[in-house]
1. Local charge sum around Pro168 (other residues, Cβ-Cβ under 10 Å, Lys/Arg +1, Asp/Glu -1)?
2. I need two numbers for region 81-129: Rg to one decimal and Dmax as a whole number, Cα atoms only, in Å.
3. Need one number for region 135-221: average projected area of the convex hull over its C-alpha atoms, nm².
4. When each pair of different Cα atoms in region 34-118 is counted once in the 1/r mean, what is the Kirkwood radius in angstroms, to one decimal?
5. Give the carbon-plus-sulfur fraction of the accessible surface of region 1-98 in %, rounded to a whole number; probe 1.4 Å, heavy atoms of protein chains only.
6. Percent of accessible area on region 117-221 owned by carbon and sulfur, 1.4 Å probe?
7. Within 10 Å of each candidate Cβ there may be at most 16 other Cβ atoms; applying that plus a DSSP loop requirement, which chymotrypsin sites (Phe, Trp or Tyr not before Pro) in region 29-135 survive?
8. Report the full-extension gain for the segment Thr220 to Glu191: residue separation times 0.36 nm, less the Cα-Cα distance, to one decimal in nm.
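The values are calculated or read from the model by the stated rules, or taken from the named source; none is laboratory data. Values in this document were obtained by computation on a predicted structure and should not be read as measured data. Cβ coordinates were reconstructed from backbone atoms using ideal geometry, including for glycine residues, and neighbour counts include every protein chain displayed. Heavy atoms of the whole protein, side chains included, go into the accessibility calculation; ligands, DNA and RNA do not. Shrake-Rupley method; radii C 1.70, N 1.55, O 1.52, S 1.80 Å.
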Amino acid sequence: MTAIEVTNVTKEYQTGEETFLALKGIDFSLARGEFVSIMGPSGSGKSTFLNIIGLLDQPTTGSVSLDGQDVTELTDRRRTTVRKQTIGFIFQDFFLIPTLSAKENVELPAIYEIDETIRSRATMLLERVGLGNRLKHHPDQLSGGQKQRVAIARSLINSPRILLADEPTGNLDSETSEQVLDEFTRIARDENVAIIAVTHDPQVTEYTDRTIELRDGRLTS
Ligand code: ADP
Ligand code: ADP
């Protein structure tokens, strides 16, 4: 089953009179259960590409399908719904809410009302990432690796088919990165989730099924 299908996507940015072609005809597909890394120099279009797949931005031309659904022409409202149902996001800086506990952070993005089902799912997800004994801890009481594992649990609360991670190990030492990368590998394999990690970290590529390189708005393998 194809999780992501990107066909001939371009992205043009307009700054005053200037237009800049940040993506120059991208073809890319990713199956469920696959874990890939995207590397490339700064300015090569990685964030732009991730934002388009994550339904945070739209391509100028070309098409994007997620989980078999063409999402190129959706209304803004529908796009937001599909994003919340389909995609989990993980960032370098974790973006946990400091005043909430680990468990409350995990519950927060739930699309449905935070009821007993969501609460027990949050507990289950934190147990699964090895933090069953840290449910009530606040972010400042957790290590970097623990914070990133809370962020991973949070990204899974709505059972997404796709995880998008932007420099997920950027703030972690190599031993902690290993734990986080093991977690991604397990999620891809056991839960059949498609995972993209944009990264500069060569350690990540040791864990991924494929590494793709973006250069100057074009993909190379
Ligand atoms: P990366 O994530 O690989 O650093 P980006 O996708 O952020 O690359 O940017 C790709 C190119 O597009 C860069 O040259 C950047 O300056 C340009 N760019 C990104 N966002 C915008 C924007 N909103 N307006 C104009 N140019 C942009
Ligand atoms: P990162 O790639 O580290 O996630 P950003 O996506 O914020 O960082 O920006 C990447 C590149 O895109 C930078 O070179 C930045 O200057 C450029 N960029 C981002 N937004 C704009 C914008 N609105 N106009 C022009 N360039 C932009």
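1. Within the 10 Å Cβ shell, the charges total -4.
2. 11.3, 30
3. Details: hull surface 26.4 nm².
Averaged projected area of region 135-221's Cα convex hull equals 6.6 nm².
4. On the way: mean 1/r = 0.0653 Å⁻¹.
The answer is 15.3 Å.
5. On the way: 2320 of 4920 Å².
Carbon with sulfur: 47 percent of the solvent-accessible area.
6. Values: 1920 of 4650 Å².
That share works out to 41 percent.
7. On the way: sites: Phe35, Phe49, Phe89, Phe91, Phe94, Phe95, Tyr112; in loops: Phe94, Phe95, Tyr112.
Loop-located and lightly packed - Phe95, Tyr112.
8. Stretched out fully, the Thr220 to Glu191 stretch lengthens by 7.6 nm.
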